[in-house]
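Just so it is clear, none of the values below were taken in a lab; they were calculated from the coordinates. Everything quoted here is computed from the prediction, not taken from an experiment. Using ideal geometry, Cβ is built from the backbone for each residue, glycine included, and neighbour counts are taken over all protein chains shown.
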Amino acid sequence: MITITLPDGSRREFDAPVTVMQVAQSIGPGLAKATVAGKVDGRQVDACDLIDHDASLQILTPKDPEGVEIIRHSCAHLVGHAVKQLYPDAKMVIGPVIEDGFYYDVWREQPFTPDDMAAIEQRMRELIDTEYDVIKRMTPREEVVEAFSARGEDYKLRLIEDMGPEVTAMGLYHHQEYLDMCRGPHVPNTRFLKAFKLLRISGAYWRGDAKNEQLQRIYGTAWADSKQLKAYIQRMEEAEKRDHRRIGRAQDLFHLQEEAPGLVFWHPKGWAVWQVVEQYMRGVYRDSGYQEVRCPQILDVSLWQKSGHWDNYKENMFFTESEKRTYALKPMNCPGHVQVFNHGLHSYRDLPIRYGEFGACHRNEPSGALHGILRVRGFTQDDGHVFCTEGQIEAEVTAFHAQAMKVYADFGFTDVQVKLALRPEPRLGDDATWDKAEAALRAALRAAGVEWEELPGEGAFYGPKIEYHLRDAIGRTWQLGTMQVDFMMPGRLGAEYIDEGSQRRHPVMLHRAIVGSMERFIGILIEHHEGRFPAWLAPVQAVVMNITDAQADAVREARQTLAAQGFRVEADLRNEKIGYKIREHTLQRVPYLLVVGDREKENGQVAVRSREGEDLGSMTVAEFAERLRNEDVH
């Protein structure tokens, strides 16, 4: 007798081993028809897999996030089926699930064209319409090798070699005449795959190494139903309109060029936005008791070896040499802050000590991963480190949480999710230390009244971390801030303080950032606001315009008066019609357009118009300045 326990606590008994699908059928035909796969004792399995012991079972359908991921994975296999039918010379590589979709890497001597992409998508739809069953068979290794050898699938054979001799059998999924190798699970029938779309094709390297042969990567998306697919496509169209690179060009904020891959050239208007963000964050430092420091850009590799970064991060670091010594450009600021702490003897009465730095860092990101200013090689962090005792962790973390939430709200983000990333492999330290660090963060989150999601295996190599995920105006989430508890690095780098018993002890080190990379944060801000920054953040807060030359002096005077008060204001004295000027600056998304005609000049006023086209009436320059001041979040 086999007992199956369902998520609601109910139980079903069977006289013999039973498949997930058979359990679903025993509950009802509607559930059976919707069954994509199952989770047996927390592990995903195919609907055809046998359960031969007492177990808990969750039946996965397209309504479950995991069910949608399985649909996406199966769509990747469907790409393989269609490609091999249309282009028999192609060789299939891998087809994993990614956020909101999937891709399949394919080797083919001839590049795919847009017409090829359309043909592949059409063939996929034809295959889906046949509603064929996807058959899984656990197959001995030797038979798998024979099958892929006969089909000339060289990359599949390489993947089998990677598995090592201890893997004696593997799952083969039969899609009519097409075979693919996978640990699964996959949908039992192609009828689940109707809500999909191929998106684009790009280059990729075998094993992600630029020294290897180049592959073609076919990207797609898939959803539970056509309504979700349509909503996703609409979000992507909106995201295209908001693309920070396009808006950055249109508003003359920054540019990138091939001679400096992954590095940003900031133009005056873009640097104005940067300075507003930096000065705002500098105020957060000051109000929160942080002392600002500045540390060197390059440090001897011996320091990175002591800190643990060498063993865990050297592939992402840039190096240089001088006088037979090897140095690394810093990929992060923490070891430098420990050196500042070490320069002097500290008592427990001095703690907590809080350092902040707008630290410029460099990381050797693969060229294929670079994306505008959202993913770069050179970036600046609003980085801070707190040196404290174990007893001070909770108070520091809860205070940081309040700071972070205010910052996000001020920049226009109100939907914030908190996640706790736990111990990864590999990592520094023993389990007892990690238990203590993870418990400290959980206690602080409880004290702050926060609900959180836990992410096993996603912590930093030196400690667990709280992550702040912000949802933007079109529903995308971005991971920004972090608070990390580190019991490791202070000891490795010799940081000490004198405790109440006159004993030397290592402090706890808290790594914190609110906006993270300044470049990435500004890119997110551009897309979140679609370039329509709130007035306090806009690169140009207002433009003063004349109607005729008779008002030119009044325009200059108004601009100078506002600029003298620290506002970012421009004058437009061009010999153009006022309607043209208004349209142009509206397209530039300037928050306020100030017009001076004869009446305004005579009354010492400006006519104020918002970029949304609202007529705000006439007011003195002093009254307008007060309006701007009231919109400032500081």
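Scanning residues 5 or more positions from residue 61 or on other chains, those with amide H under 5 Å from its amide H are 36, 67, with H placed 1.01 Å from N in the peptide plane. Annotation: amide H of residue 318 within the under-5 Å range of 329, 364, sequence separation 5 or more or interchain, hydrogens built in the peptide plane. Region 16-92 and region 230-254 have Cα centres separated by 36 Å. Look at the alpha carbon pairs under 8 Å that are at least 6 residues apart: their mean separation over the length of the chain gives a relative contact order of 9 percent. The DSSP beta bridges internal to the chain are antiparallel in roughly 85% of cases. Taking 0.36 nm per residue of separation and subtracting the current Cα-Cα distance, fully stretching the chain between residue 549 and residue 479 would add 20.1 nm. Between the listed residues 356, 374, 345, the Cα displaced farthest toward the positive end of the dipole of region 325-379, a dipole computed from Cβ unit charges relative to the Cα centre, is found at 374. Kirkwood-type hydrodynamic radius, region 91-245: 17.4 Å, calculated from all non-identical alpha-carbon pairs. Need one word for region 36-78: rounded, prolate or oblate. Basis is the Cα gyration tensor (sqrt eigenvalues a ≥ b ≥ c); a/c below 1.5 gives rounded, then a/b vs b/c decides. Here region 36-78 falls in the prolate category. Counting every other Cβ atom within 10 Å of each residue's Cβ, 134, 20 order from fewest to most as 134, 20. The Cβ shell under 13 Å around residue 54 holds other residues with a net charge of -1, Lys and Arg each +1, Asp and Glu each -1. Applying the Karplus relation 6.51 cos²θ - 1.76 cosθ + 1.60 with θ = phi - 60° to region 507-512 yields 3J(HN,Hα) values of x, 7, 10, 9, 8, 9 Hz, where x marks Gly and Pro.
Of all lysines in the structure, those lying under 25 Å Cα to Cα from residue 227, and not within fewer than 8 positions of it along the same chain, are 33, 63, 194, 197, 241. Of the DSSP H helices in the chain, those that are both long (alpha-carbon extent of 20 Å or more along the helix axis) and hydrophobic (Kyte-Doolittle mean at least -1.0) are 65-86, 114-129, 268-287, 393-410, 431-447. Per-residue Karplus couplings for region 323-330, computed as 6.51 cos²θ - 1.76 cosθ + 1.60 with θ equal to phi - 60°, are listed in order as 6, 6, 10, 9, 10, 10, 5, 5 Hz, Gly and Pro entered as x.
Considering only Cα atoms, the convex hull volume of the chain works out to 226 Å³ per residue.
Other residues whose C-beta falls under 9 angstrom from the C-beta of residue 301 contribute a net charge of +1, scoring Lys and Arg +1 and Asp and Glu -1.
Round to a whole angstrom and tell me the spacing of the C-alpha centers of region 126-166 and region 564-634. Answer, in whole Å: 67. Under 5 Å from the amide H of residue 175 lie the amide H atoms of 180, each residue being 5 or more positions distant or on a separate chain, with H modelled from the backbone and absent for Pro and chain starts.
In a simple Cβ point-charge model (Lys, Arg +1; Asp, Glu -1; nothing else charged), region 112-209 has a dipole of about 400 debye relative to its Cα centre.
Say the dipole of the chain comes from +1 at the beta carbon of Lys and Arg and -1 at that of Asp and Glu; which of 328, 388, 606 then lies farthest toward its positive end? Ranked along the dipole, the leading option is 606.
Calculated over region 385-476, the projected area of the Cα convex hull averaged across directions stands at 6.5 nm².
Restrict the search to region 317-412; then list the trypsin sites (Lys or Arg not before Pro) that DSSP places in a loop and that have at most 15 other Cβ atoms within 10 Å of their Cβ.
Passing sites in region 317-412 are 324.
For region 359-417, the square roots a ≥ b ≥ c of the C-alpha gyration tensor eigenvalues yield an a/c of 1.5 or more together with a/b not exceeding b/c, which makes the shape oblate. Compute the Cα gyration tensor for region 235-282, then decide on rounded, prolate or oblate, letting a ≥ b ≥ c be the square roots of its eigenvalues: rounded whenever a/c is under 1.5, prolate when a/b is larger than b/c in the other cases, and oblate in all that remain. Oblate.
In a DSSP loop and with at most 11 other Cβ atoms within 10 Å, the trypsin sites (Lys or Arg not before Pro) in region 152-236 are 183, 211. The charge dipole of region 502-605, taken about the Cα centre with unit charges on the Cβ atoms of Lys, Arg (+1) and Asp, Glu (-1), comes to about 760 debye, rounded to the nearest 20.
Since only 253, 31, 421 are under comparison, the one whose Cα sits farthest along the positive direction of the charge dipole of the chain, derived from C-beta charges on Lys, Arg, Asp and Glu, is 253.
Within the shell defined by Cβ-Cβ distances under 12 Å, the residues around residue 473 carry a net charge of +1, with Lys and Arg each +1 and Asp and Glu each -1. From the Kirkwood radius over Cα pairs of region 354-513, Stokes-Einstein at 25 °C and 0.890 mPa s returns a whole-number translational diffusion coefficient of 145 µm²/s.
Averaging Cα coordinates gives a centre for region 429-446 and one for region 471-531; these two points are 16 Å apart. Of the trypsin sites (Lys or Arg not before Pro) found in region 41-135, those in coil by DSSP whose Cβ has at most 13 other Cβ atoms within 10 Å are 63.
Calculate the dipole size of the chain relative to its Cα centre from +1 charges on Lys and Arg beta carbons and -1 charges on Asp and Glu beta carbons; express the result in debye to the nearest 20.
In total the dipole reaches around 920 debye.
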